[in-house]
1. Counting only residues that are crowded, with 19+ Cβ neighbours inside 10 Å and either on the phi > 0 side of the Ramachandran plot or modelled with pLDDT of 80 or more (or both), how many does the stretch A:167-202 have?
2. Applying the selection to the stretch B:47-65, what residues are among the charged types (D, E, K, R) and either loosely packed, with under 14 Cβ neighbours inside 10 Å or over 22 Å from B:GLN14 (Cα atoms) (or both)?
3. Run down A:PHE94, A:PHE38 and say which single residue is modelled with pLDDT under 75, buried (at least 19 other Cβ atoms within 10 Å of the Cβ) and at negative phi.
4. From A:GLY181, A:GLY164, A:GLY144, grab the single residue that is in contact (Cβ under 8 Å) with a residue 24 or more places away in the chain, out of contact with any strand residue (DSSP E or B) (no Cβ under 7 Å at 6 or more places or on another chain) and not hydrophobic (A, V, I, L, M, F, W, C).
5. Please find, within the stretch A:46-88, the residue that is least open to solvent (accessible area, probe 1.4 Å) out of those that are free of Cβ contacts under 8 Å to residues at least 12 places away in the same chain and assigned to a loop (DSSP other than H, G, I, E, B).
6. Is one or more of the residues making up the stretch A:176-198 of a type in the set (Asp, Glu) and either under 21 Å from the mean Cα position of the chain (by Cα) or part of a helix (DSSP H, G or I) (or both)?
7. In the stretch A:55-80, how many are under 13 Å from A:PHE20 (Cα atoms) and within 13 Å of chain B (Cβ to nearest Cβ)?
8. From the set of residues in the stretch B:66-94 that are of a type in the set (Val, Ile, Thr) and more than 10 Å from every other protein chain (Cβ to nearest Cβ), which is surrounded by the most Cβ atoms within 10 Å (Cβ to Cβ)?
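The values are calculated or read from the model by the stated rules, or taken from the named source; none is laboratory data. Given the structure is predicted, the values throughout are model-derived calculations rather than measurements. Note that we place each Cβ from the backbone using ideal geometry, even for glycine, and neighbour counts take in every protein chain shown. Accessible surface areas use protein heavy atoms only, side chains included; no ligands, DNA or RNA. Shrake-Rupley method; radii C 1.70, N 1.55, O 1.52, S 1.80 Å.
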Amino acid sequence: MLAPRSTVLTARQRASRYFFVDGFSTLIAGLGCLLMAFQLFYSSDGRTTPFSLLVSLPLLLAYLAVMFRQREIVEWLKTRITYPRTGFAIPPGFEDDSVVHADLALLTLDETESNRRSEVRQVHADRKHRMLFMIVAVLLTILGIMLIPNRWFYVASGVLISAGLWIATRREQEFSWLILGGFPLVGIGMATFLPDRVLGPDRGAYLLATAGSLFFLDGVLTLIRYLHRNPLPKQTQS
Amino acid sequence: MSGSGSKDLSSLDQVIHEPARLMIMTILYAVEEADFVYLQRECALTQGNLSSHLSRLEQVRYLTISKAFKGRYPLTMCRLTKKGRRAFEGYSATLRRVTKVSAV
C-alpha cells in the first residue's frame with residue numbers, strides 16, 4: 001500500500017509543476033530546436049549561396065535570442081496570458097533569489113530558516129544535476145547521430161532521448177506521451193526513411209527539426225488545453 | 001482521549017486551525033510566495049473570503065502581503081513570515097502529537 005502523501009508535499013509539487021502548466025516553456029524550447037535545425041540546414045556544406053547566408057544569419061540570431069533569453073520570453077508570455085488567469089507562484093528553489101534568501105537565513109541561526117536553506121540548496125543541486133545529465137545525454141546523442149553512420153543508432157537515440165527527458169524532468173514537468181513516445185518513433189522514422197545521401201550535420205538537423213516539431217506541437221496543445229480550462233476572469237484582483 | 005492529548009488539543013493555534021486558513025498556510029508553506037489569484041484558485045475560495053482570511057493571518061503577522069507588478073499586471077503577493085512558518089510547524093507538530101496520543 002502506498003503511504004499517504006503529505007499535503008505540503010502535494011502543494012509543493014503542484015507549485016513546481018505550475019510553471020509548465022501552460023505549455024509556454026515547451027513551446028519555446030521547440031521553437032529553439034526548429035530554429036537551430038533550419039540554421040543547420042541552410043549553413044551546411046554545399047549550400048553557401050548568398051540566399052542561404054541571408055536566411056541562415058537571421059535564423060542563427062533568432063536561435064541565439066531564444067536560447068539565451070528563453071526564460072525572459074516565457075515570463076513575458078506568462079505575464080500577459082497565464083498570471084491574469086491562474087495567478088503567480090514561486091516554488092521553493094525555483095528562482096535564483098531564493099538562494100539569496102537562504103543565504104541570509106544562515107545569519108539568523110534560526111532552525112526553521114536553516115532547514116529551509118538546506119532544503120532550497122538541495123532542490124537547486126538536484127535540479128542542476130538532472131538538467132546537466134539531460135543536456136549531456138542529448139548532446140552526445142546528436143553528436144552520435146551526426147558521426148555514427150548506423151541506422152539503428154537513430155532508434156537507440158530516440159529511446160535514449162526519451163528516457164533522458166523523462167528521468168531529468170519527471171519531478172517538475174510531466175512531458176506528454178506525444179514527446180516521450182514521439183522520440184522513439186522519430187528514431188524509427190529516420191532509420192526507415194532517411195536516404196543514405198543525407199550526411200552527418202544534416203542528420204542532426206533532421207533530428208532537431210523533428211524534436212522541435214514535437215516540443216512545439218506539445219506546447220501548442222498544452223496551451224490550447226490551458227486556455228480552454230482557464231478563461232480570463234472578469235475581475236482578477238481583490 | 002488521554003489528558004495529555006486534550007491538553008495538546010486545546011493548545012492548537014486557533015488562527016491556523018480554521019480550515020480555509022489552514023489551506024492558505026499549507027500552500028504558502030510549500031512555496032516561496034504566491035499571488036492572490038493563485039491562492040484563490042488553489043483554495044477554491046471566493047475573493048471576499050480569501051481576502052478576509054489573509055487579513056486575519058496578516059493581523060497576527062503570519063504572512064506579509066505586498067503589491068507588485070509583473071509587466072503591467074498587478075500582483076498581490078503573499079509570503080509567510082518566519083513567525084508564520086514557525087507557527088505552522090508548531091501546529092503540525094501538535095496535531096501529530098494529538099492524533100498519535102488519541103490513536104493509543
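1. Total meeting the criteria: 7.
2. Step one: of the stretch B:47-65, the residues among the charged types (D, E, K, R) are B:56, B:58, B:61.
Result: B:ARG61, single match.
3. A:PHE94
4. A:GLY164
5. Here is the first cut: in the stretch A:46-88, the residues free of Cβ contacts under 8 Å to residues at least 12 places away in the same chain are A:46-54, A:57-58, A:61, A:64-65, A:68-69, A:71-72, A:75-76, A:79-80, A:83, A:87-88.
Then drop every residue that is not assigned to a loop (DSSP other than H, G, I, E, B), which leaves A:46-49, A:69, A:87-88.
Values: A:GLY46: 80, A:ARG47: 97, A:THR48: 104, A:THR49: 66, A:ARG69: 133, A:GLY87: 0, A:PHE88: 20 Å².
Only one residue fits best here, namely A:GLY87.
6. no
7. So the answer is 4.
8. Top of the filtered list is B:THR94.
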